[in-house]
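Some notes on the structure that comes next.
The values are calculated or read from the model by the stated rules, or taken from the named source; none is laboratory data. Please read these numbers as outputs of a predicted model, since none were measured by experiment. Note: areas computed on protein heavy atoms with side chains; ligands, DNA, RNA excluded. Shrake-Rupley method; radii C 1.70, N 1.55, O 1.52, S 1.80 Å.
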Amino acid sequence: MTATAAAPVSEAPSIEELESQERRLVLPRFTYDDAWALGNLLVELARERRAPVAIDITRGGQQLFHAALPGSTPDNDAWIARKRRVVERYGCSSYLVGARFRAKGTTFEASSRLDPDAYAAHGGAFPLAVEGAGVIGAVVVSGLPQVEDHALVVAALERFIAA
């Protein structure tokens, strides 16, 4: 089964939908145990979809969770780092940052003035926002097309918050 067949996403979310996701997916807290639980939930969802992804969770610059599933490669770790830096710099999802540049008729690479070897505004990195504290970290998935990486993270956060 190919990655795209595992969890097809028909259409890219709008900027409004992306902004709504970020307003909704705010956590009451985020502990080491929460990182472990969210990371394992992402692994479970990825395995169900047979998604060849790497998963990473950081808080305050510390890596709290990392997993590489079958089919992922070292390139996925490089993408994780680049997408995570976008969340750290802009305080919102890497997919939303890229979408905002596209809405202006340009690309992140052409207009951000940031090194594309260090930053990637491609879907898959989502801010970990905590009530009363703001963005404290990021959860990142890499290995699928960007809309699917983003959707996997959102699905996991929705399930995690609902639990």
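Roughly what percent of Cα-Cα pairs across region 79-163 reach past 15 Å?
Here the long-distance tail beyond 15 Å is 55 percent of all Cα pairs in region 79-163.
Helix-only estimate, please: 222 nm mean residue ellipticity of the chain, summing -39500 (n - 2.57) across DSSP H runs of length 4 or more and dividing by its residues, to the nearest 500.
-15000 deg cm²/dmol
For region 114-124, just list the computed ³J(HN,Hα) in residue order, Karplus coefficients 6.51, -1.76 and 1.60, θ = phi - 60°, integers in Hz, with x standing in for Gly and Pro.
So the Karplus estimates, Gly and Pro as x, are 9, 5, x, 7, 10, 10, 9, 8, 10, x, x Hz.
Once the convex hull of the C-alpha atoms of the chain is built, how many Å³ does it hold per residue, rounded to a whole number?
108 Å³
Note down, for region 9-71, the three equivalent ellipsoid semi-axes (square root of 5 times each alpha carbon gyration tensor eigenvalue), biggest first, whole angstrom.
Details: eigenvalues 93, 77, 20 Å².
Semi-axis lengths for region 9-71 are 22, 20, 10 Å.
How big is region 123-163 in terms of Cα radius of gyration and Dmax, in angstroms?
In order Rg, Dmax, the Cα atoms of region 123-163 give 10.8, 33 Å.
Counting only protein heavy atoms and using a 1.4 Å probe, what share of the accessible area of the chain belongs to carbon plus sulfur, as a whole percent?
50 percent
So, for region 30-146, what is the accessible surface per residue at a probe of 1.4 Å, expressed in square angstrom?
46 Å²
Among the DSSP beta bridges whose two residues both lie in the chain, what percent are antiparallel, rounded to the nearest 5? Walk me through the intermediate numbers first.
Values: 18 of 20 bridges.
If I count the DSSP bridges inside the chain, around 90 percent turn out antiparallel.
Which ³J(HN,Hα) values, rounded to whole Hz and listed in residue order, are derived for region 31-45 from phi using the Karplus coefficients 6.51, -1.76 and 1.60 in 6.51 cos²θ - 1.76 cosθ + 1.60 with θ = phi - 60°, glycine and proline given as x?
Coupling constants for region 31-45: 9, 4, 5, 5, 4, 4, 5, 5, x, 5, 5, 4, 4, 4, 5 Hz.
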